[in-house]
Each structure stands twice: as structure tokens, then as C-alpha cells.
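Could you have a look at this structure, given as C-alpha cells, before my questions?
The values are calculated or read from the model by the stated rules, or taken from the named source; none is laboratory data. None of these values were measured; they are calculated from a predicted model. All Cβ positions, even for glycine, are placed from backbone atoms using ideal geometry, and neighbour counts span all protein chains on display.
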Amino acid sequence: MERVLSALVIHDIKNALALLEIDLEQLNHHADIPPEGRHAYHRCIELKNRLVSFLTLYKHEQSGLQPVAVEVSLAEFVEDLVGNSSSAMMSESHHGHPITVRAATERMSPEGGFAQFDENLLELALESAINNAVRYAHHTVEVWFEQSGDKVVFRVADDGVGVGLVDERMQRKTADTSASTGLGLALCKAVADAHGSGAVSLENVQGGGTLFSMTLCNAS
Amino acid sequence: MSAQGLNVLLGGKPPEMEYVQFHKLSALVIDDISSMRHAIRAQLQSIGMNQVSVATNADEALEKIKTSNFDLILCDYNLNKVSSGQHFLEYLRTEKLLDATSIFVMLTAEAEYSFVANAVEFAPDDYLLKPCSENKLRSRLVRLIDRRAFLMPALLALNERKFEQVIAICDKLLTLSPDERRRMDVLKRKAEAQFVLGQYAEVLETYAQAAATRSDVPWVALGAARAHFELKKYAEVADRAAILIEKHPNYVAAYELLANARLEMDEEEAAYELLQRSSDILPSAKRFRSVAQSAYLLGKLEEAKSNAEAAIRLSNGSMVERSGDYLSLSQAQVDMGDHAAAIQTLEKNARKYGEEGIYGVAKCAILAQAYVASGDKERGSKLMARAVSLMGARKNSFVMTVMGKAALKVGDVALGLKLLTQSVQFSGKSEKRIARHVRKSMLDTGHQDKVEDVIDGGRKRILLLVEEATRLMRSAHFSEAHEKLLSALDIHSENLEALLSAAQLHLLWLKQGGLDAEVLARTKLYLSTLDRLLPSNQKVMNFYRYFNEIVGA
């Protein structure tokens, strides 16, 4: 009974937060919105994303995620992911200058161009990967997919400090950065797990930057 | 290849898509939570839509949909406890209230998403997790509207139910080498139009093209299986549906198609189990209703009763409620010997339905059974007479079955057998179901010896009479021949053999016996009945030509 109640309360809070986000989003359309308004909007998005990530991970540990696989156009998916990315929108508030987040169309290797997966779970996972990349990028984050046979790999690359410092930056106990990074990676692993045989990796790229990869097998 | 070119090839967003003219589009938002409703409306307005209506429930939405066409309908899945967005969509589609050009998007919360997605025959155009950001909403809508724009000429023709034209437009669209998704959209509409026109072989070809475009798409497999069903290849349907269910264990529509195939294969028990599974996966009044009917035919009265009760509970007070559920429930109660409960169901719980139409007839017939069972034979007979008078000249197979059973129970065997025979004659597409009902009614009332005679709809007796009439006609005994045919038509007023023979007899009669006014009038009547039942039939046309020659027209 207690569990049912807490589940209800937490989902209620999540919905309220999402509605608050929409209120703030609409408020931000006004030309004369003060900087505090924008800041509140971004804080709200971050809070909601963190709560949703946490709830998804919690569900993964308690009862396992049950992905609803639907047919998805990979190019459309990546394009929308990038176009609607809240991390991309908020990048300026971390750096003082905007980070360009782009769908690297030229790097996409389609084979059919469609795959079966839970687009909502994937969006959640990849958005957290983009969020991570945006925090450590200097100028640009690129997102693309590679498809061959049954396998689809989603990649997120940044031009930041590189993987050597990733562990260190994950250890850092400052503010909410480490918490959200740890949460993000765990979430990506959970989502990959839920899709059968999946894998997540973070590696150094020659010439600087990190490359995040998430592989889904049997996604055809 | 340029990035742009590749992008288009991948089915990605071509640049002109940014120019969707949102201000020209209308939308309806259906959600019972006011903050959600208003948030979504604000987002749509911010995207540029000026004509945004809202509704708090399905009934309110229905009123708005009936009076105006919306380009976009955003409907919450979890409308309220009695009707979900899915029920609402099923209702709109089966009642053909939704414009072909309307885009229907189901809004869901995570918890329910897995239950809903792609499990049903009437799938929405898209699912959207709510609430979502304005950007996400916009990009989804842009894609949906872009897909619709490509299909628009075909959708407009669909709206006007010009199916030949739909097919022609689809073929033209296919020559434009659309990307994969658009090609699938077009093939889907083409197959639907061919299906309505009864071109099932062509339907199969279209689905084969779709399967070649993209493999393992559930609606393609289901559509092909459905075409096989119409072609009466039930074993084939069963194989295909079973594979589909194995791959997609929540695909309710596949269970329902398989259940129908099992019914046609006379496997009522298997059908019952399938219907039960589909109502377990996605409970709805409609599904409980089907389970109740199947359970009743199998003599599972407890299950028939509880499923009819579930159907009533789920639909009570909503637009999907059906008076027939009370008939199913009360008939099960009568059969279980609980006549008091049956009387309570019909006279108290279903009071609001009165005695309207077919329902009133069936209600009186079931009440007649209940009162006879309770020992009030007089009241039973009165109710039976009331049922007969309410029935009038209606030819409804289902009601005739209920009435036939009631007549047998009340003790009017002649009327009972006649009604049951007629119910078989007019059963049309539900022939097997009705035959099962009739057989059950006759066994329940101890008339097993006449089952075969009734189940064939009096066909054997009619053919014998037609044969005798033909013999009499050849020896110019026209009146006597006519007597025989009248007896045949008394068994089944629309029996084609008897009607054709009667027309032939009368033409001969006119030719050899002169233009008697009565014979002339009857000839015209038989010819027009035949013309109605067999439009543009060669034989009937020849009869007309012959008739004109005789009367010298």
C-alpha cells in the first residue's frame, strides 16, 4: 500500500514538474522575459530530466524496463533528437557561448534506414549522453547512427578534453554534475540492456574529444 | 552525394517541411485534466495554430467532431474509467465519424504506453508521450502533416468514398518514387480501397508490395490475413494470424481475426479462448461482449453472464453502451434458471431502453421465457404476442432466433420452428453463428429431431416444391403450379429458386393464357423483386426482355 502511494505521489510530482516546464516554456516566448525566467525554465527542465531518468533507472532495477519496440526512421529520429534537445538549447548557460549540436548526416550509414526500438527510452538515454557531451565540449557535439545488419550504433562525439579525464570528471563531487553524469551513463546501460543485447562505451578520439557509443543488436 | 540528397533519401526532413502553414490548421485537444488540456492548447497556439478547441471527455469531443472537421485530434489515452482514448478512436472509426484527412494522435503517460502501442486494429496515426516540449510536439506534427500532404489527394477521394479514384491516385503517387515511409502510407491506403471494393486478390498483391518494401510490419501481415479471410481461406488465415501473434503477443487485432477464422472453421471453443485472451490484453466493452456471445453459444452460462456484466459495467453511461448487453445477460440468466434476475435485468436495470426497435422485440421474447419459467404462462403468452406485433415485417436474423426460442419455450412450436427457419434464411454473413444459435435453441427445448430441417433454412422443402411446380407448369397447370410456389415462398419469401420459377411461370402464363390483369400485376411484382435481389443479372434481364415482347411494349 505504502509503495503504491509513493508511486502515485512521485508520478504526480513528475507530471506537475512537466506542466511547470510547459508554463515556463510558454513564458519564455515573451520578449520581455527577465534572465531569471530563462534560468528557472532551464532549472525546471534539468530537474524533470533528472527525475525521469531516476524513475526509469528505478524501474529498471525493480521490475525491468519493458521497451515498446516500434518501427523508427533512424534519420528522422536523430534529427528530431538533436532538434529538440534541451541540452543543446541550454548549452549556453554552461559555457557562456552556445555549443553547436548537430546531426552529422554525412557520417550516417544507413542500411534500410529503419529499426525497431523504443523511441522514448532511446530518446531519454541519448539526450543524457548529449547533455554530458555538451558539458565537456568546446564548440561542437555531433550525433549520428551507423546501421549494419541487425545492429544499430548511435554515436555522440564532442570536441572536449577527452576520455582520459572522463573518469576524473565523473569522480568530481562538485554540485550536480557528477550525479547527473553517473545517472546518465547508468541510464544508457539500462536502456541498452532492456533492448536485449546492447552495449555502451565511452572512448577517446584522436585529436581530442570523447566518443559515446550505444549499440543495439537485433534492432532490424 | 550531397548531405541534403542523402537526407531526403533517408526519409529525413526535406527543407520545405519547415513551411507547414500551422495557422490554417484546426485542432481538438481531448483531456480530462484541465491543466494538461490548457498546456497543450498553449503549445499548439504558440506553434501557430489559431483554431484550437478543447474537450474534457469523449462525449464533448464527439459533439465537436460531428459539427466540424479537425485537421488534428490530440486525445488522451486515459480519458476516464469507462472510456479510453482507444475506445473513442475505435468508435469514431467504426461509425465512420472521422474524416480521412484528420490526423489522430494518442497522448499517453509512460505507464500505459506499452499497453496501447500498435496493439489494435484501429491504430492512431501516432503516439506521443505527454507532456512533451513544444519543440518535440512541433517536429512530430510537422512530420505527420507532411505525410498527410503527400497523401492528400487520395485522402480526399477516400472521404468521398470514391474508391476507384483512390486506387488510381495511389498508383500515380507510387510512380513519383516516394521514400519508404511515404510508399508504405500509399500502399496502405490503396489496399484499404481495394478491400472496400472487394478486390481481394489485388489487396494481396498490394500487401505483397508493402512486404517487399519493408518486412515484418504487423499491419501488412494482418491486412493480408484479412484478405485471405474474405477469400474464405480460413486455414491460411489461421496460419498467418498464429505467426503474427507469436511475433507480437499483444496484437489484439490478430487474436480477433484468428477467432473469426476459428468460428468459420466451426471451432467455437478455440475462438472463445482467443477472444478471452484479447479481452485480457486490452479490456473493452466490445471485447467482453464478444466473449459473452461466444461463451453463451458454448453453453458456458456463468462466463456468458459475467462477461455481459463486464461489458455493461465498462460501457454504462458512455457512447459505447449497447442495449444488446442486457439481452445477452438476461438470456444467460433465463437459461441458468434465474428468471427473477432476468426480469430484474430487463424491467429494472435496462428500463431506459424502453421497447424501441429490435431491442423491444427481443426484450419481450426473453421476458416471455422468464415469465413462463416462473410459472406465469399467461403473461408469457401475452409478451410473446407483443413481441410478434412489435416485430412486424422486420427480417432480423438475430431477433428471429431469440423469438423462435421463446416461442418454443412458450409452447407455440409451429411459430418457433418457422421463426428459427427464417432466421437461418436471413442470416447472411453470420450464417454459422445463427445456425449455432438455432441448433442450441432447438436442443434446449427438446426439438432435436427437426434440427436438420430447420438449419438448412427449409431449403430441401422449397426445392421439392419448386420441382413439383415446374412439372405442373410444363403441363400448363398454371394455377396449381403457382400454389406450390406460394407454399415455397411462404417458407422463405426471398428464395431465389422459387422467385425465378414464379417469374418464369408467369411469363408462360401470360403468353399462353392471355394478358390477364392479375397475372400481369403479379408478373411485374416477381420481376421487380428479382431485380432488387439480383441487380443486373443476365437471367432477370432476359425475363424483362421477354416480358416486354409479350405485352408488346
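Tell me, which residue of region A:23-47 that is within 22 Å of A:Leu121 (Cβ to Cβ) and either in contact with a Ser or Thr (Cβ under 9 Å, 6 or more places away or on another chain) or free of Cβ contacts under 8 Å to residues at least 24 places away in the same chain (or both) is farthest from the other protein chains (Cβ to nearest Cβ)?
Here the answer is A:Glu46.
What is the number of the single condition among (1) of a type in the set (A, V, I, L, M); (2) away from chain B (no Cβ under 14 Å); (3) more than 23 Å from A:Ala186 (Cα to Cα); (4) under 15 Å from the mean Cα position of the chain (by Cα) that A:Ile99 does not meet?
Every listed condition holds for A:Ile99 apart from (4).
Pairs needed: first member in region A:91-103, part of a loop (DSSP other than H, G, I, E, B); second member anywhere, of a type in the set (A, V, I, L, M); C-beta distance under 7 Å; at least 6 residues apart or different chains.
Cβ pairs passing all conditions: A:Ile99/A:Val134; A:Ile99/A:Ala137; A:Ile99/A:Val141.
Before we move on, is B:Lys130 under 30 Å from A:Gly83 (Cα atoms), within 11 Å of chain A (Cβ to nearest Cβ), in contact (Cβ under 8 Å) with a residue 60 or more places away in the chain and not aromatic (Phe, Trp, Tyr)?
yes
Follow-up. Go through region B:297-368 and tell me which helices (runs of 4 or more DSSP H), entirely inside it, have 2 or more residues that are buried (at least 24 other Cβ atoms within 10 Å of the Cβ) and within 25 Å of the chain's Cα centre (by Cα). Step through it out loud before you land on a result.
Working: elements: B:301-315, B:324-335, B:339-344.
Because the criterion is at least 2 residues that are buried (at least 24 other Cβ atoms within 10 Å of the Cβ) and within 25 Å of the chain's Cα centre (by Cα), the helices (runs of 4 or more DSSP H) in region B:297-368 that meet it are B:301-315, B:324-335.
Do you know which residues across region A:70-90 are outside any helix (DSSP H, G or I) and either facing another protein chain (nearest Cβ under 9 Å) or crowded, with 22+ Cβ neighbours inside 10 Å (or both)?
The answer is A:Val70, A:Glu71, A:Ser73, A:Asn84, A:Ser85.
Residues are listed down the side, and each one gets a yes or a no for (1) of a type in the set (Val, Ile, Thr); (2) touching a Ser or Thr at 6+ places or on another chain (Cβ under 7 Å); (3) at pLDDT below 90:
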| position | (1), (2), (3) |
| --- | --- |
| A:Pro67 | no, no, yes |
| A:Leu74 | no, no, no |
| A:Glu79 | no, no, no |
| A:Val82 | yes, no, no |
| A:Ser87 | no, no, yes |
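Taking into account only those residues within region A:102-112 that are modelled with pLDDT of 80 or more and facing another protein chain (nearest Cβ under 8 Å), which is nearest to B:Pro218 (Cα to Cα)?
The qualifying residue nearest to B:Pro218 (Cα to Cα) is A:Met108.
Can I ask one more? Run down A:Leu5, A:Leu19, A:Leu65 and say which single residue is within 13 Å of another protein chain (Cβ to nearest Cβ) and part of a helix (DSSP H, G or I).
None of the others qualify; the one that does is A:Leu19.
Pick from A:Val191, A:Val200: which is in the same structural domain as A:Ala133 (by TED's automatic domain parsing), at pLDDT 85 or above and in a helix (DSSP H, G or I)?
None of the other options fit; the residue is A:Val191.
Sort out for me the helices (runs of 4 or more DSSP H) sitting completely within region B:451-546 that have 3 or more residues that are touching a helix residue (DSSP H, G or I) at 6+ places or on another chain (Cβ under 9 Å), on the phi < 0 side of the Ramachandran plot and of a type in the set (Lys, Arg).
Numbers: elements: B:451-455, B:459-474, B:478-491, B:496-513, B:517-533.
Qualifying helices (runs of 4 or more DSSP H): B:459-474.
Being farther than 27 Å from B:Lys96 by Cβ and either surrounded by fewer than 19 Cβ atoms within 10 Å (Cβ to Cβ) or away from every other protein chain (no Cβ under 14 Å) (or both) is the filter here, so list the residues in region B:42-67 that pass it.
Matches in region B:42-67: B:Ala42, B:Gln45, B:Ser46, B:Gly48, B:Asn50.
Being over 23 Å from B:Ala373 (Cα atoms), crowded, with 16+ Cβ neighbours inside 10 Å and in contact with a Lys or Arg (Cβ under 7 Å, 6 or more places away or on another chain) narrows it down to one residue among B:Phe426, B:Phe478; which is it?
Working: B:Phe478 fails: in contact with a Lys or Arg (Cβ under 7 Å, 6 or more places away or on another chain).
So the residue among B:Phe426, B:Phe478 that is over 23 Å from B:Ala373 (Cα atoms), crowded, with 16+ Cβ neighbours inside 10 Å and in contact with a Lys or Arg (Cβ under 7 Å, 6 or more places away or on another chain) is B:Phe426.
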